[in-house]
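Here is the structure we will look at.
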Amino acid sequence: MKLTEIPGVGPKTEALFMKLGINDCESLTRYYPLHYDIYNEPVPVGDALTGSKITVKGTVKGGINVFPAGNKKIVSCEISDGSGSLRLVWYNALFIRSVIKKGCTYYFRGIVSVRRGAKVMDHPEIFQIDQYEKNQGALIPIYGLTKGLSNNTVTKAVRAAFKLCGTSDEYLPEQIVRHYALMDEKEASEKIHFPADRDDLFRAGKRIAFDEFFFFILALRMLKSEEKDVPSDFPMKVCWETEDLIDALPYRLTGAQERVFREIEADLTSGKIMSRLIQGDVGSGKTVLAFLALVMAAHNGYQGALMVPTEVLARQHYEKFVSLTESIQELAVRPVLLTGSLKAAERRKALGEIRTGEANVVIGTHALIQDAVGYHDLALVITDEQHRFGVYQRRALTEKGRTPHMLVMSATPIPRTLGVIYYGDLDISLVDERPAARLPIKNCVVDESWRANAMRFLEKELLAGHQVYVVCPMIEENEEIHAENVIDRTKELKKIFPDFSVAMLHGRMKPEEKNRIMTSFAAGEIRILVSTTVIEVGVDVPNATVMMIENAERFGLATLHQLRGRVGRGDAQSYCIFMAGQMTEEIGERLLVLNRSNDGFRIAEKDFELRGPGDLLGIRQSGEAYFKAADPVRDRDMLKAAGELAAVIMQDDPMLTGEEYAVLREKIRKYISDSQGQVIL
């Protein structure tokens, strides 16, 4: 059903929804809230604490004042309730003069700060007495927005969408729903948007998480069911050339790298198709293992391909591979780079070398799976940061000839017990040591009061010739969510550091623009890069020594750890500044975990302990994770349950031909169809 069939949604509003990836009523009902607001009991004005969102009930004293401040008009007034007074401020909101009146009492809701010794609440929401008291205690959904689209508009549209298109039929047998204590699917799909209380939200969240995991795992296992223990068409033998490359490395392999390479070597010589996942923390040295596997395939007379998410990363891997191998004459490797930005002549040459087998190592991006690419004898496929690729994208690469060996690499810290379920039938190898030569990153957790010091520290590093990352949770300003955003932060940093080049990077940019920015940063032409978490999958920039993360409290610890791993890749000491927009005891305890450990797997476990399985009120981690509501660490009980059920069904009826699976059969068919080209692994 089209969005324009929803009352109040015309073509202009529909276009705004489409910017968020919402194309119809069904996708709107699956556009889950980022977090939930709670209309708490108001606090006395005199007891108003700074740094957190609160509600006060106060009477407007004096007049409503308007005065200019640069290109803005500031509207302000003072309220009191007998326990104290509070100044309220709005920016460019002249309509406030017609909303509130002197001598009248209202509820005001916002974040309190202290300026010039007085408490101030910036841009508070205003509620009539009966309006607020009616909503008190309710959980209000807060959605991700784009400019021109308000949270109220989205909320109304979601309510209307449920009335128009309804909810889908339950696909699980009643005994399964009871066994796992799941909320009914229809009820959960609405309650995740409009919970009556925390218990409602917790139960709806559990059901949504279960469904997301279940369809993911079942689809994955159905797609892989024919691939397990399949004899390989590419028999290989151990070759000495890989040992020559190990000896020529400018460092010694860690014990973990040595162990995992022997596991890869055993797979490739086993006579069966390899399907292996390498999990290793940021900077643990997974890429060199991929290079060794590519050399082994080449010296057995075959081709190997390494596919990565970005052109910048592909070029960097290609240059590293060439640098490592060109000094060893005995290595019969002939690498080629294939990306979408190659010039026509370069592309024709690369395609020709791949087709004839002249190139036996191919490194590139999604360009590797385009129809125009024909391989001579592709025996090994490696995907880097595999959670950024869809199952179909990887399968398209494996279907370029006979079924090749598959090696996938991920820096996502998921405990092994979860990984066994999450990654289906892949064998899992852990690279759980860091190279000894790397200096540990120095961390600090600070709040806004330390910002001036942070700017001086950034200047010191910039003057020393280094580069800086600044990460923000938002792309642009959002009236509903108070957090730093990339666009405004970039403007501010250009003013603070006029002598250094500053650029921004975010997910709405065109791929060519993102590649251009990352290439310039990697080359040292850009000194300060302001970005969202899209730089999680980035490139090695050894000269980048500072990672400053704004509103660090809004990210999961695992994401913060991944971001921290973007620095510390060179010889110089590197630093990570976790800048909390608001600092409570709980936030401080959570962020200090990153000071105490550099082990991503331990951090992921600690994140789970601190957040707990029922904590659904915090903003989800930013980035491009496939699951819209589920979190593999937070919801690991549901992940385990979904894995168990998928295994039972695959054992009972792998093709879902039984009548009891009729609804599920249709749903999984649609899920697999909708997932083509998307990230589902």
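The values are calculated or read from the model by the stated rules, or taken from the named source; none is laboratory data. As the structure is a prediction and not an experimental result, all values here were calculated from the model. Positions of Cβ are backbone-derived with ideal geometry, glycine not excepted, and every protein chain shown enters the neighbour counts. The accessibility values were calculated without ligands, DNA or RNA, using every heavy atom of the protein model including side chains. Shrake-Rupley method; radii C 1.70, N 1.55, O 1.52, S 1.80 Å.
Yes or no, residue by residue, for (1) out of contact with any Ser or Thr (no Cβ under 8 Å at 6 or more places or on another chain); (2) in a helix (DSSP H, G or I):
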| site | (1), (2) |
| --- | --- |
| MET1 | yes, no |
| PRO7 | yes, no |
| THR13 | no, yes |
| PHE17 | yes, yes |
| GLU26 | yes, yes |
| TYR31 | yes, no |
| ASP37 | yes, no |
| VAL43 | no, no |
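Here the stretch 341-374 is the region considered, the condition is being open to solvent by 60 Å² or more (accessible area, probe 1.4 Å) and touching a residue at least 40 places away in the same chain (Cβ under 8 Å), and the residue that is farthest from LYS510 (Cα to Cα) is HIS366.
Those strands (runs of 3 or more DSSP E) of the stretch 56-144 in which 1 or more residues are farther than 30 Å from PHE194 by Cα and open to solvent by less than 30 Å² (accessible area, probe 1.4 Å) occupy 72-80, 85-91, 118-127.
If you check LYS186 against the conditions, is it open to solvent by 10 Å² or more (accessible area, probe 1.4 Å), assigned to a helix (DSSP H, G or I), under 18 Å from ARG634 (Cα atoms) and of a type outside the set (Asp, Glu)?
Values: open to solvent by 10 Å² or more (accessible area, probe 1.4 Å): yes; assigned to a helix (DSSP H, G or I): yes; under 18 Å from ARG634 (Cα atoms): no; of a type outside the set (Asp, Glu): yes.
Answer is no for this residue.
Look at the stretch 10-37: where a residue is within 30 Å of SER52 (Cα to Cα) and a partner is of a type in the set (D, E, K, R) and in a loop (DSSP other than H, G, I, E, B), sitting 6+ places away or on another chain with Cβ atoms under 6 Å, you get TYR32/LYS628. If the condition is being aliphatic (A, V, I, L, M) and modelled with pLDDT of 90 or more, then the stretch 147-173 contributes LEU149, VAL154, ALA157, VAL158, ALA160, ALA161. For SER449, the criteria (1) in contact with a helix residue (DSSP H, G or I) (Cβ under 7 Å, 6 or more places away or on another chain); (2) among the hydroxyl-bearing types (Ser, Thr, Tyr); (3) open to solvent by 80 Å² or more (accessible area, probe 1.4 Å) hold in every case but one, which is (1). When GLY643 is tested against (1) at pLDDT 75 or above; (2) surrounded by 19 or more Cβ atoms within 10 Å (Cβ to Cβ); (3) outside any helix (DSSP H, G or I), exactly one condition is not met: (3). The set of residues in the stretch 89-122 that are in contact with a Phe, Trp or Tyr (Cβ under 9 Å, 6 or more places away or on another chain) and under 19 Å from ASP47 (Cα atoms) comprises TYR106, TYR107, PHE108, ARG109, MET121, ASP122. For the stretch 570-587, a residue qualifies if it is more than 18 Å from LYS53 (Cα to Cα), assigned to a loop (DSSP other than H, G, I, E, B) and open to solvent by 40 Å² or more (accessible area, probe 1.4 Å), and the qualifying residues are ASP571, GLN573.
Here is a yes/no grid of residues against (1) farther than 22 Å from ILE142 by Cα; (2) in contact with a Gly (Cβ under 9 Å, 6 or more places away or on another chain); (3) crowded, with 18+ Cβ neighbours inside 10 Å:
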residue	(1), (2), (3)
MET455	yes, no, no
LEU458	yes, no, yes
HIS506	no, no, yes
ILE517	yes, no, yes
ALA522	yes, yes, yes
